1. If each of F193 and Q340 carries a label point 7 Å out from its Cα toward its Cβ, how far apart are those two points in nm?
2. With 10 angstrom as the radius, rank W292, W311 by how many other C-beta atoms surround their C-beta, starting from the fewest.
3. For segment 211-255, list residues with backbone N below 12 Å from a point placed 7 Å from the Cα of E23 toward its Cβ?
4. If packing is taken as the average count of other Cβ atoms within 10 Å, what order do 107-120, 356-369, 165-178 fall into, highest mean first?
5. Give the lysines whose C-alpha is closer than 20 Å to that of K161, dropping any in the same chain fewer than 8 places away, or say none.
6. Give the Rg/Rh ratio for the chain, taking Rg as the radius of gyration of the Cα atoms and Rh as the Kirkwood radius, to two decimals.
7. Find how much the distance from I145 to V355 grows on full extension, using 0.36 nm per residue of separation minus their present alpha carbon separation; answer in nm with one decimal.
8. Starting at the first residue of segment 333-345, write each ³J(HN,Hα) from the Karplus equation 6.51 cos²θ - 1.76 cosθ + 1.60 with θ = phi - 60°, in whole Hz, x for Gly and Pro.
Amino acid sequence: MKSESVTVVNAKKQFDEIALQFETFRILNEEGVVINEDAMPDLTVEQLKELMRRMVYTRILDERSISLNRQGRLGFYAPTAGQEASQIASQFALEKEDFILPGYRDVPQIIWHGLPLYQAFLFSRGHYHGNQMPEGVNCLAPQIIIGAQYIQATGVALGFKKRGKNSVAIAYTGDGGASQGDFYEGMNFAGAFKAPVIFVVQNNGYAISTPVEKQSAAATIAQKAVAVGIAGVQVDGMDPLAVYAAVRDARERAIKGKGPTLIETLTYRYGPHTMSGDDPTRYRTKEIDNEWHDVDPLVRFRKFLEAKGLWNEEEEKKVIEQAKEDIKAAIQKADQYPKQKVTDLIENMYEKMPVNLQEQYEIYKEKESK
């Protein structure tokens, strides 16, 4: 006689209860008004203005980089406009000794962490010097392999823990990176050993072209932290104060030995995935674009500062002009930097050159000497 079927798991109830724990954290509303006073980060007037300055500067850098790419003066480039709050405010919450492991869209963070602008341009061109971090600049070069930096960040963080350093590693990826195996492996290992690491997923909605809701059945990316036993939070990625507060809190938890945090920032890239042929009009509607433009992080933060009398059009123009001057000087320096040679590539790849490359090396060395 067959027994009656028994419902072992109420999946809907389970999912609903988990999703309720990951409400979007925000401090400013769309009009730049504080709606979460208790969460306001302790930033000075000068720090607030500096955060705005960096965001405006980064928007100009993005506009000029797109133009330089179209002129053939840059190589690979992934636009950043729309993600300034997510990128710049998160880096602003770090200390100089912290270590950044960026994805390929995360060049602004490592520029503000100390990478000279001309080297960022050389990175775009594929020149090896663009990957050579100056002494004291704690970054790896932008990772091209989707999600691989999550595993690397865990290793860096474990190194900090073993050496007793009060530093954290922070790794960035997009929502597409959250669909990769490295994403889970890195977080799982970090959680097991309470590594001081912050995992940031900048959820801009589409990875390359696949909507996030088709990438995962989970209601949020932040809740994936539960599976590996680490803290998770979903943040309004168009709100710089919320992003700053979330990363600063995660950093403090990490250096106190409380383990990693997964931060999902809800943001949007206004441009294409990269300048290498992507057409976002094929998978995004004008209506969706307009909705996100209405919550532009620069506009929101500008309104907040203007209401306090801390920002005006004149100050913004100064930042824009300074950015244009810096970019002009940096691209000129990149243009003047010695061109990369085939022999450079071979020399940099191996400490001890394989026999099969030795002959080729000699051939190219002779060609380059002429």
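Quick note: the coordinates plus some simple rules give every number you see, no bench work behind them. This structure is a prediction, so every number in the text was calculated from the model and none was measured. Positions of Cβ are backbone-derived with ideal geometry, glycine not excepted, and every protein chain shown enters the neighbour counts.
1. About 3.1 nm separates the two model spin labels.
2. The order, fewest Cβ neighbours first, is W292, W311.
3. Under 12 Å, as judged by backbone N against the label point of E23, lies no residue of segment 211-255.
4. Result, highest mean first: 165-178, 107-120, 356-369.
5. In chain and number order, the partners are K96, K194, K256, K258.
6. 1.01
7. Extra length available between I145 and V355 comes to 72.7 nm.
8. Using θ = phi - 60°, the values come out as 5, 5, 5, 7, 5, x, 5, 6, 10, 4, 5, 4, 4 Hz.
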